[in-house]
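> Have a look at the structure that comes next, please.
The values are calculated or read from the model by the stated rules, or taken from the named source; none is laboratory data. These numbers were taken from a predicted model, which means no experiment stands behind them. Quick reminder, even Gly has a Cβ in these numbers, built from the backbone with ideal geometry, and neighbours come from all protein chains shown. All accessible areas refer to the heavy atoms of the entire protein, side chains included, with ligands and DNA or RNA removed. Shrake-Rupley method; radii C 1.70, N 1.55, O 1.52, S 1.80 Å.
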Amino acid sequence: MTSERYNARDAEPRWQRQWDEQAIFVSKNDDSRPKYYVLEMFPYPSGRIHIGHVRNYTLGDVLARFMRAKGFNVLHPMGWDAFGLPAENAAIERKVAPKAWTYDNIAAMKKQLRSIGLSLDWSREFATCDPSYYKHQQKMFLDMLAAGLAEREKRKLNWDPVDMTVLANEQVIDGRGWRSGAVVEQREMSQWVFKITKYSQELLSALEGLDRWPDKVRLMQRNWIGRSEGLLIRFALDAATTPAGENELKIFTTRPDTLFGAKFMAISADHPLAQAAAAKNPDLAEFISDIKKIGTAQSIIDTAEKQGFDTGIHAVHPFDPSWKLPVYVANFVLMEYGTGAIFGCPAHDQRDLDFVNKYGLGNTPVVCPEGQDPKSFVITDTAYDGDGRMINSRFLDGMTIEQAKDEVARRLENELRGNAPVGERQVNFRLRDWGISRQRYWGCPIPVIHCPKCDVVPVPDDQLPVVLPEDVSFDKPGNALDHHPTWKHVTCPKCGGSASRETDTMDTFVDSSWYFARFTDPWNETAPTTPAVANRMLPVDQYIGGVEHAILHLLYSRFFTRAMKATGHIALDEPFAGMFTQGMVVHETYQKADGSWVQPAEVKIDVGGNGRRATLLATGEDVTIGAIEKMSKSKKNTVDPDDIIATYGADVARWFMLSDSPPDRDVIWSDERVQGASRFVQRLWRLVNDAVELGKAAPAARPAAFGDDALLLRKAAHGALDKVTSGVERLHFNVCLAHIREFTNTFSEVLQRPGQPAADLAPDLAWAIREASQILVQLFSPMMPHLAEECWQVMGQPGLVSEANWPQIERDLLVEDSVTLVVQVNGKKRGEVTVATAAQNPEIEAAALALDAVKLALDGKPVRKVIIVPKRIVNVVG
RNA sequence: GCUCCAAUAGUCCAAUCGGUAGAGACGAUGCGCUUAGAACGCAUGCGAUGCAGGUUCGAAUCCUGCUUGGAGCACCA
């Protein structure tokens, strides 16, 4: 029996070295076993790993280790999403070169990642900022350009006139740039886009087949793609009222049935008609410039007060030449969606209703809910968007919404103006093309040359990669690449004249849209992928990452995979067969009386009669316990993985991360629970050491029969094995851990029972103890691999537990001879009956009805029905 | 604003199909061990499953309406 505590600080680096030296996590592309590709979203090298990374990689690691034990050729690689804005911010603020900053961060974070004990194949590591990676990305860009999947397009962007840079929506705070404080302008700029919209329908339809993705994520993507069926209607304009004799306004609507409820037309500030009208109307021009200041973020546009400007232009109702509708420029109409123009039916659309209520245009309900008297049906503040019958709509009256939509479409399709129909059925998508141009230095250069004569010229293959220059300065605002004295000046590959390089770089989402494919053969110097290898190793069987990537990253990757297929780099459509979105790690916040935030490590928590109380460790000063929030530097509610690993070891951190909360939900960091995990590690260590002593008496051969204790233990072991095996496959790690704990409790009880020297132990029990300890160690080995190796060693097992095969379940042990059923009368529990597992329904029914409690509850009433749910319940209906 | 998610014991959470609300943990209390504490061992679970309705023999689970908390919304990654 050992009295020594398990020393993680000593054991963990030792086992990490062993794994490393024996290269057991390196997967070979010529391995003939079935493959299993586990991937966690690769990190941005910010400098230090975050506790959220520990959770993400632990989840993946458990699965990777489990599948390895199950006999799969597991691919579990790691790399770095290394381009992006923070490196440039560091360059500006701390005068360090982005490249040096990035690679230093990678080195630091790699060291941290290694300390977690992850079963990663580091031989495949790369950073997206390595020219050996992005040269292939540039090649694929050119392939996509040739295939018509990349184009130039005008886009409206947030422009900071002082920093001379485009801003993300989140960098625009109250209409001003986050760093400069300058009022942000909306500027139209020429951008490179990927034609993701060519795949709108396919990306939507294929979601059906992604049955190992969370419904939530599929729904988010479905909404993002936003397919809607509707009608394109050409409204005639009263040319006398238009700025330059325009005579038509095209709108898209999904509600053509409500056409007789129309009160106004609204067009986007960017609509050509608005632009033309503004040219002749300074007030309108000012209005347009005002509403453009609010920014491009959807949430801001939607929550801003509805504003409109009557242009004086009139549109003509398609079913009534005498019906004129005023045309407004409105701040809630987007040029990017549909045609940038709508007709407003206030009674049945909340935005339109808010608008007319502000400008006094009134409303006419045209859909009346079933059972409501049309005469008394009025709309005041809340639009009605439910079902009903058409009213106030001439020839549509009495129809359902669907019939009315159809009738309007039919009539307008058949009505010609000029030589085109007035209406046309159309499918519209909300999805826009993917703008990839960034006016930034630290990104993958877009490999094209702008020639005054030849226009856009692709960089020839033999000149790839277009490498980022390193001698750049961040003294001036704007794009450092643009300011470089020589880099952009080149000769045109076509005509030989002087030309200039594209100085925009690619969105970092491009880098992360194919890294999973590169991992399958990162050694290929001549092509992005080796198709034979990529096609065999892909798709990723289980991808794991934060839900914040549920839309963009995953959708872009799905598109990019199709684009790679179209350009011959890969032969599949869907990159991720299984997707899992993990929750965040959150923590309480602490605040001093003066409002300043305090780190958890500085706070002492006392639990008393009237709840929890916090004081400052240093001074004893009272601290307010605030909301539980996502860990953030500004609120100081962070926990440093290095501290945790130094104090408790990686296994404790891993076990804590996996316990309690389901992986897809947020987990609250709790020191008490971390200590609980730490105590459990020691308990397992003692248990295994005790079991080793007792198991010494075990015969080599399996005994023919087992006594009660041995059988109890074996049932607990194999029951746990069964539950953990199926639980890990479904990523229900918190439940798996509970089953391991449960098994451990039973194991301890059995071990305490003999209470005698090992030599006297019954051979069958000793054998069962040895078997149970092997199963136990293997069960927790994916979660706490270091402790498991240490236990495996004291058990005298050959080799590494990380390389051992998953134990075989003996199903016979899981079958019980009898089963206890709950007996209900009219849905209320009245008793229990225990019957043989094989008992038939009449026998069960008779046993249930024979219970005194059942007779009493029935109170002489006849039995109307008996419902028997096998192995669960008997319900007697009286 | 739009779209979506969640809510079970003091706390974190279990509960294949709609079938006994309790697996596991944290905390608390008591006992044992101990000079004492830590550690260790043992014991202790009444919550109308957020609220109001509905469907059903039967609802934590399905439906409707609310309340509260959270996520995403296109140049952060």
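> Counting pairwise Cα distances across segment A:721-842, what percent come out greater than 17 angstrom?
69 percent
> In the P(r) worked out for segment A:635-771, what percent of Cα pairs fall beyond 24 Å? List each step's numbers first, then the result.
Numbers: 3938 of 9316 pairs.
Tail of the P(r) past 24 Å holds 42 percent of the pairs.
> Roughly speaking, to the nearest percent, how much of segment A:676-729's 1.4 Å accessible area is carbon and sulfur?
53 percent
> Let me ask you something else. At 37 °C and 0.692 mPa s, what whole-number value in µm²/s does Stokes-Einstein give for the translational diffusion of segment A:660-717, with Rh from the Kirkwood sum over Cα pairs?
Result for D is 220 µm²/s.
> Of all trypsin sites (Lys or Arg not before Pro) in segment A:717-812, which ones are in loop regions per DSSP and have a Cβ with at most 11 other Cβ atoms within 10 Å?
Here the sparse-neighbourhood loop sites are A:Arg730.
> Something else now. Reported to two decimal places, what Rg/Rh ratio describes segment A:252-391 when computed on Cα atoms with Rh from the Kirkwood expression? The partial results should precede the final answer.
Values: Rg = 15.5 Å, Rh = 15.8 Å.
Reported Rg/Rh (Cα atoms, Kirkwood Rh): 0.99.
> Sticking with this one: Put one equal scatterer on each alpha carbon of segment A:480-540, apply the Debye formula with no solvent term, and list log10 I(q)/I(0) at q = 0.17, 0.25 1/Å to two decimals.
One equal scatterer on each Cα of segment A:480-540 leads to -0.76, -0.94.
> Related question: Excluding A:Thr197 itself, what net charge comes from residues whose Cβ is under 12 Å from its Cβ, given Lys and Arg +1 and Asp and Glu -1? Numbers along the way, then the final one.
Working: positive: A:Lys195, A:Lys198, A:Arg227, A:Arg430, A:Arg432; negative: A:Glu151, A:Glu153, A:Glu202, A:Glu336, A:Asp433.
Local charge sum for A:Thr197: 0.
> Hey, got the dipole for segment A:541-625? About the Cα centre, +1 on K and R Cβ, -1 on D and E Cβ, debye to the nearest 20?
Numbers: 7 positive and 10 negative charges, 52 e Å.
Result for segment A:541-625 is approximately 240 debye, rounded to the nearest 20.
> Just name one of A:Ala64, A:Ile645, A:Ala627: the one whose Cα is farthest towards the positive end of the charge dipole of chain A (beta-carbon charges, Lys/Arg +1, Asp/Glu -1).
A:Ala64
> Give the Rg/Rh ratio for segment A:530-626, taking Rg as the radius of gyration of the Cα atoms and Rh as the Kirkwood radius, to two decimals. It would help to have the intermediate numbers written out before the result.
On the way: Rg = 24.4 Å, Rh = 17.6 Å.
My calculation of the ratio gives 1.38.
> Roll a 1.4 angstrom probe over the protein heavy atoms and tell me the percent of accessible area of segment A:92-136 that is carbon or sulfur.
Exposed carbon and sulfur together represent 57 percent of the surface.
> With each pseudo-label sitting 7 Å past Cα toward Cβ, what's the A:Gln752-A:Ala23 distance in nm, one decimal?
4.9 nm
> Another question about this same structure. With angles folded into 0 to 90 degrees, how steeply does helix A:98-114 sit against the dominant principal axis of chain A? Use alpha carbons for both and round to 10.
Around 30 degrees separate the two axes.
> While we're here: Semi-axes, largest first, in whole Å: what does sqrt of 5 times each Cα gyration tensor eigenvalue give for segment A:141-255?
The three semi-axes for segment A:141-255 are 30, 28, 18 Å.
> Here is a further query. Using only C-alpha atoms and all pairs of different ones, pull out the Kirkwood radius for segment A:315-386 in Å with one decimal. Kindly include the intermediate steps, with their values, before the conclusion.
On the way: mean 1/r = 0.0730 Å⁻¹.
Result for segment A:315-386 stands at 13.7 Å.
> By its C-alpha gyration tensor, with a ≥ b ≥ c as the square roots of the eigenvalues, how is segment A:523-567 shaped: rounded for a/c under 1.5, else prolate for a/b larger than b/c, else oblate?
prolate
> Shifting gears a bit: I need two numbers for segment A:135-206: Rg to one decimal and Dmax as a whole number, Cα atoms only, in Å.
Cα only, segment A:135-206: 16.4, 45 Å (Rg, Dmax).
> Select from A:Ser27, A:Leu552, A:Gln682 the residue farthest towards the positive end of the dipole of chain A; place +1 on Cβ of Lys and Arg, -1 on Cβ of Asp and Glu, and compute about the Cα centre.
Going by the charge dipole, the pick is A:Ser27.
> Run the helix sum for chain A: -39,500 (n - 2.57) per DSSP H stretch of 4+ residues, divided by residue count, reported at 222 nm to the nearest 500 deg cm²/dmol.
-10500 deg cm²/dmol
> While we're here: Please calculate how many Å² of accessible area chain A carries per residue, with a 1.4 Å probe and no DNA, RNA or ligand atoms counted.
On the way: 39160 Å² over 878 residues.
Per-residue value: 45 Å².
> Which one, A:Thr253, A:Pro272, A:Thr242, is farthest towards the positive end of the dipole of segment A:183-288 when Lys and Arg carry +1 and Asp and Glu -1 on their Cβ?
A:Thr253
> Right, another one. Specify the angular offset, from 0 to 90 degrees and rounded to the nearest 10, of the alpha carbon long axis of helix A:763-780 from the longest principal axis of the alpha carbons in chain A.
It works out to around 20 degrees.
> Which shape class, rounded, prolate or oblate, goes with segment A:77-160 when its Cα gyration tensor gives a ≥ b ≥ c as root eigenvalues, a/c under 1.5 marks rounded, and past that a/b bigger than b/c marks prolate? Numbers along the way, then the final one.
Values: a/c = 2.70, a/b = 1.37, b/c = 1.96.
Because a/c hits 1.5 or more and a/b fails to exceed b/c, segment A:77-160 counts as oblate.
> A further question follows. Taking square-rooted eigenvalues a ≥ b ≥ c of the alpha carbon gyration tensor, is segment A:20-126 rounded, prolate or oblate, where a/c under 1.5 means rounded and, failing that, a/b exceeding b/c means prolate?
prolate
> Starting from the eigenvalues of the Cα gyration tensor, five times each then square-rooted, give me the equivalent ellipsoid semi-axes of chain A, largest first, whole Å.
58, 41, 27
> Taking the Cβ of A:Val815 as the centre, find all other residues whose Cβ is under 14 Å away and add up their charges (Lys, Arg: +1; Asp, Glu: -1).
-1
> Rounded to the nearest 20 Debye, what is the dipole magnitude of chain A about its Cα centre when Lys and Arg each give +1 and Asp and Glu each give -1 at the C-beta?
In debye, rounded to 20, chain A gives about 460.
> Seen from all sides and averaged, what is the projected area of the convex hull of the Cα atoms in segment A:325-468, in nm²?
15.8 nm²
> Expressed as a whole percentage, what fraction of the accessible surface of segment A:741-878 belongs to carbon and sulfur atoms when a 1.4 Å probe is rolled over the protein heavy atoms?
Within segment A:741-878, the accessible surface is 48 percent carbon and sulfur.
> Given charges of +1 on the Cβ of Lys and Arg and -1 on the Cβ of Asp and Glu, with all other atoms neutral, how large is the dipole of segment A:445-534 about its Cα centre, in debye to the nearest 20?
Value, rounded to 20: 280 debye.
> Straight-line reach from A:Lys135: which lysines have Cα under 25 Å away, leaving out those fewer than 8 places along the same chain?
A:Lys28, A:Lys99, A:Lys110, A:Lys195, A:Lys488, A:Lys494, A:Lys565
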